[in-house]
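Please treat every number below as a calculation from the coordinates, not as lab data. Everything numeric in this text was worked out from a predicted model, so none of it was measured. Cβ sites come from the backbone with ideal geometry, for glycine too, and all protein chains shown count toward neighbours.
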Amino acid sequence: MLYIKRDANGAILAVSRSVSPEFPEAMELDNRELQSFLSSSEISDLAKNWLVTSDADMVRGIEDVIEVLLKKNILQFTELPGPTQDKLLQRKRMRTLIGGLLSSDDGINI
């Protein structure tokens, strides 16, 4: 679901991932008007950037799901493909390293 802002003529002016007073109207991604707006070259770059950000968020969400499945013994770590195990371990080590480098005074949460 995306949220849109319209101009005085009712045309889509901007798109946001979250609802706000500026972006009050919800619209499904498969809406033709929204697809037309997103297909312009300038907006297409914004859509690509949104996907990259969304992908990063999704990866972290999937990692969290895997952690829950492992903790509940629904999934064994060794059942995952080797490259997946390696990636998960690398990301976990990096988060630990970064978390150790940042002090609580930084105001940054990982």
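Rounded to the nearest 0.05, what FRET efficiency is calculated for Asp86 and Thr53 with R0 set to 35 Å and r the Cβ-Cβ distance? Don't jump to the answer; show the numbers that get you there.
Numbers: r = 24 Å, r/R0 = 0.70.
Using R0 = 35 Å, I get an efficiency of 0.90.
Taking the dipole about the Cα centre of the chain, with the C-beta of Lys and Arg at +1 and of Asp and Glu at -1, give me whichever of Ser44, Thr96, Thr78 is farthest to the positive side.
In the chain, that residue is Thr78.
Counting Lys +1, Arg +1, Asp -1, Glu -1, what net charge surrounds Asp64 among other residues with beta carbon under 14 Å of its beta carbon?
Summing Lys/Arg as +1 and Asp/Glu as -1 gives +3.
Between Glu22 and Ser36, what is the label-to-label distance in nm when each label sits 7 Å out along the Cα-to-Cβ direction?
Each label point lies 7 Å from its Cα, and together they span 2.5 nm.
Taking the inverse of the average 1/r across all pairs of different Cα atoms in the chain, what Kirkwood radius in Å do you get?
Result for the chain, one decimal place: 17.4 Å.
Among the listed pairs Lys48/Lys71; Lys48/Lys72; Lys72/Lys92; Lys5/Lys87, give every one whose C-alpha distance is greater than 30 Å.
Lys48/Lys71; Lys48/Lys72; Lys5/Lys87
To the nearest 500 deg cm²/dmol, what mean residue ellipticity at 222 nm is calculated for the chain from DSSP H runs of n ≥ 4 alone, each contributing -39,500 (n - 2.57), summed and divided by the residues? Please report the intermediate quantities before stating the final value.
On the way: 3 runs with 59 residues, N = 110.
After summing the helix terms and dividing by the residues of the chain, the value is -18500 deg cm²/dmol.
Based on Cβ point charges of +1 for Lys and Arg and -1 for Asp and Glu, what charge dipole magnitude is obtained for the chain about its Cα centre, in debye rounded to the nearest 20?
For the chain, the charge dipole is close to 420 debye.
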